[in-house]
Amino acid sequence: MSAQQKSLLLLEKQGSFAVQNTDIPKPGPGELLVEIHATALNPVDWKIQVYGYFIQDFPAVLGTDAAGVVKELGEGVTSFAIGDKVLHQGYFTNRSATFQQYTIVPAEIVAKIPPNVTFDQASTIPLTLATASCGLYNTKPNGGAGFSAPWEEGGFGKYAGQPILVIGGSSSVGQHVIQVAKLSGFSPIITTASAHNEAYLKSLGATHVLDRNAIPLSSLSSAVKEIIQEPIKLVYDAISDADTQNTSYAILAPGGKIVLVLPVAIDESKRTEDKEIVNVFGNVHVPAQRAVGVSLYKNLTTLLEAGDIKPNNVEVVPNGLAGIPAALEKLRAGVSASKLVARPLETS
Ligand SMILES: NC(=O)c1ccc[n+]([C@@H]2O[C@H](COP(=O)([O-])OP(=O)(O)OC[C@H]3O[C@@H](n4cnc5c(N)ncnc54)[C@H](OP(=O)(O)O)[C@@H]3O)[C@@H](O)[C@H]2O)c1
């Protein structure tokens, strides 16, 4: 194997991208070197480039979703073998980011890909499933709503009969919230999306899909009440702009919890002590989210094999890593129930 690889580098803060040769990193104890066959694009990637978030050291490799093949085992790794097909979440450092051909990851947050899932499909899962799972199943001190995960003992179906409202069910995050909510037993699972995504979201587990283009946010509360009169004690706002946050906070019943994927924008004058706001950070590399990640990745292969967790719809980006900058612009302009996926090994 060559000592060098191709990486897509963000050359400076809010600067431009370029494909360049970089050294292939070495796995440390407990880590794997993975050859990346597919990496998915996420809004955070264009936000880092446009707004200058998170990363201070440049040139920087971005990307936090990978599917590929294990190429090297770090000391002490026994749960994987060279040649295993795996998926995992990346991190915001050059050795562990995924817009490159090789990356490093701790083995405890990696899962094998079952035969019914392709590399492209597998790459759509890690970041957004982590965001759904950390938001719902992490403990409160660690930034979660504190529910029991369905893959842990006693967790499957535990919340049967409790309603959940998912704002933005067709977003990548929303699709995974619907799927894990179904495994947890939440019902009904009411979501908002464009009407053309209704059948797809019902196939993932949504019970009711409210057409966001036909029902303005000002009418969402009454539309939800037509479905269920019981108080809604759990909202996952997978969009979290100021309008969706304020609308869903108003729908949330006292004693309930709302999970947000972006910083809180709920009017301070409307906030009350009896409604809990959870701000999720969906990355299983960091200590506060690691336990959820380890538990999830232990069970992920089985969940994928059974079809309990399904991948997003894939749209492959042309030209490998070189195609990512244009694809990030496309993502910023808006996608609908789909994930843009690049294949780093196809970089010319
Ligand atoms: N905190 C974290 O750790 C974390 C992690 C991941 C993502 N995020 C953030 O979460 C947000 C979603 O990310 P993503 O990757 O899931 O997005 P995405 O897949 O790119 O979102 C596209 C979808 O959003 C839906 N949508 C847009 N505006 C909507 C609205 N007002 N109401 C309902 N649906 C709406 C569209 O639905 P239709 O096409 O059906 O109309 C479309 O399917 C982003 O802001 C991202 O930065 C945060």
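Candidates Lys71, Lys85: the one that is touching an Asp or Glu at 6+ places or on another chain (Cβ under 8 Å), over 19 Å from Gln20 (Cα atoms) and open to solvent by 20 Å² or more (accessible area, probe 1.4 Å) is Lys71.
Is there a residue being open to solvent by less than 20 Å² (accessible area, probe 1.4 Å), in a loop (DSSP other than H, G, I, E, B) and without any contact (Cβ under 8 Å) to a residue 60 or more places away in the chain anywhere in segment 258-269?
yes
Filtered by the rule that a residue be β-branched (Val, Ile, Thr), within 15 Å of the chain's Cα centre (by Cα) and more than 15 Å from Val284 (Cα to Cα), segment 99-127 gives a lone residue, Thr124. Here Gly282, Gly307, Gly320 are screened, and the one residue that is within 11 Å of the ligand (Cβ to nearest atom), of a type in the set (Gly, Ala, Ser) and either open to solvent by less than 10 Å² (accessible area, probe 1.4 Å) or closer than 23 Å to Ile178 by Cα (or both) is Gly282.
Residues that are in the same structural domain as Asn246 (by TED's automatic domain parsing), closer than 30 Å to Val286 by Cβ and within 11 Å of the ligand (Cβ to nearest atom) number at least 3 in the following helices (runs of 4 or more DSSP H) confined to segment 136-231: 172-184.
I need the full set of residues from segment 326-348 which are in contact (Cβ under 8 Å) with a residue 60 or more places away in the chain and part of a helix (DSSP H, G or I), in order please. Of everything in segment 326-348, those that are in contact (Cβ under 8 Å) with a residue 60 or more places away in the chain and part of a helix (DSSP H, G or I) turn out to be Ala327, Leu328, Glu329, Leu331, Arg332, Pro344, Leu345. With the requirement that a residue be within 15 Å of Tyr249 (Cα to Cα) and in contact (Cβ under 8 Å) with a residue 60 or more places away in the chain, what does segment 191-233 give you? Matches in segment 191-233: Ile232, Lys233.
Within segment 14-68, the set of residues being away from the ligand (no atom under 16 Å from the Cβ), among the aliphatic types (A, V, I, L, M) and open to solvent by 20 Å² or more (accessible area, probe 1.4 Å) comprises Ala18, Val19, Ile24. Among the candidates Pro188, Pro141, the residue that is open to solvent by 10 Å² or more (accessible area, probe 1.4 Å) and at pLDDT below 95 is uniquely Pro141.
The values are calculated or read from the model by the stated rules, or taken from the named source; none is laboratory data. If you're wondering where the values come from, they're calculated on a predicted model, not measured in any experiment. Cβ coordinates were reconstructed from backbone atoms using ideal geometry, including for glycine residues, and neighbour counts include every protein chain displayed. Surface areas here come from the heavy atoms of the whole protein model, side chains and all, with no ligands, DNA or RNA. Shrake-Rupley method; radii C 1.70, N 1.55, O 1.52, S 1.80 Å.
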